[in-house]
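Reviewing the structure listed below.
The values are calculated or read from the model by the stated rules, or taken from the named source; none is laboratory data. Everything numeric here is computed off the predicted structure, so don't read it as measured data. We place every Cβ from the backbone using ideal geometry, glycine too, and count neighbours over all the protein chains shown. Heads up: the accessible areas ignore ligands, DNA and RNA and are worked out on the full protein's heavy atoms, side chains in. Shrake-Rupley method; radii C 1.70, N 1.55, O 1.52, S 1.80 Å.
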Amino acid sequence: MLFVEIEGNHHRYTRSREQIIRCNQSIGARLIPQGWYWTGQSSRPYEIRSIFPGQVIFDGARAEQDHWIYHWIYLGRRITMGEVVHVGTIVTVEDDVLPMREFYAERASGFRMRNLKVVLRFPRSEEPKKVEACKWPGVVSSRGAEILPSVRTVNNDGTVDFVIVANSPKRRSRYGFRWE
């Protein structure tokens, strides 16, 4: 989920990502990769923390040339075949130097997924005029996006959510939203 809110003359972005992972092979995985696409620029480093106690975050600490920021969740042990683990991170960043382009996308991170749920949230008073759910076949761009149906929900806490669910998402595709 990405929560976008105005902070003075710029925006604050809080991205939370939770995954339920089922180990289908005896590979002894210890690290779970995560990444997200950040096109803005901040005067301060972003903050990242684990949602679940005992999980350590190894962080790339900066965006690469392709705008992806990578980090890994270290479980402190091997995952055994058939085991199910819950992992997650929360990243908070502000675009006070260079504004973030108005889109948010998630991808399967190289793993086979059953479902990918993407949520975009705004304070109700800051809801954009137009929000489109999209599937991009590769790199996120204005061309090549397939428009998807989404659900808009007004929440009791004064926020509004836009939600899409991709069943059996394609590994190289990105799913998310663009807004104006």
Search result, residues across the range 135-147 that are farther than 11 Å from Arg178 by Cβ, open to solvent by 40 Å² or more (accessible area, probe 1.4 Å) and assigned to a loop (DSSP other than H, G, I, E, B) | Pro137, Val139, Arg143, Gly144
State all residues of the range 97-134 that are over 27 Å from Gly60 (Cβ atoms), in a loop (DSSP other than H, G, I, E, B) and open to solvent by 40 Å² or more (accessible area, probe 1.4 Å); if no residue qualifies, say none.
-> Arg114, Glu127, Lys129, Lys130
Given (1) part of a loop (DSSP other than H, G, I, E, B); (2) open to solvent by 80 Å² or more (accessible area, probe 1.4 Å); (3) without any contact (Cβ under 8 Å) to a residue 40 or more places away in the chain, Ala63 misses just (2)
Hits in the range 127-154 (condition: among the β-branched types (Val, Ile, Thr) and either over 12 Å from Glu106 (Cα atoms) or over 18 Å from the mean Cα position of the chain (by Cα) (or both)) = Val131, Ile147, Val151, Thr153, Val154
Could you please let me know if Ser150 is open to solvent by 70 Å² or more (accessible area, probe 1.4 Å) and of a type in the set (Ser, Thr, Tyr)?
-> no
Of Ser16, Ser43, Ser26, which residue is open to solvent by less than 40 Å² (accessible area, probe 1.4 Å) and either under 30 Å from Glu126 (Cα atoms) or outside any strand (DSSP E or B) (or both)?
-> Ser16
Please name all residue pairs, on different chains or six or more residues apart, with Cβ atoms under 6 Å, provided the first residue is in the range 110-126 and is modelled with pLDDT under 95 and the second residue is outside any strand (DSSP E or B).
-> Met113/Pro169; Leu116/Pro169
In the range 1-13, which residues are surrounded by 16 or more Cβ atoms within 10 Å (Cβ to Cβ) and hydrophobic (A, V, I, L, M, F, W, C)?
-> Met1, Leu2, Phe3, Val4
If we keep just the residues of the range 1-54 that are over 22 Å from Phe162 (Cβ atoms) and small (Gly, Ala, Ser), which is nearest to the chain's Cα centre (by Cα)?
-> Ser50
Subset of the range 66-96, residues in a strand (DSSP E or B), in contact (Cβ under 8 Å) with a residue 60 or more places away in the chain and open to solvent by less than 60 Å² (accessible area, probe 1.4 Å), comes to Val85, Val87, Gly88, Thr89, Ile90, Val91, Thr92, Val93, Glu94
Only one residue in Asp157, Asp161 is surrounded by fewer than 12 Cβ atoms within 10 Å (Cβ to Cβ), at pLDDT 90 or above and either part of a loop (DSSP other than H, G, I, E, B) or within 17 Å of the chain's Cα centre (by Cα) (or both), so which one is that?
-> Asp157
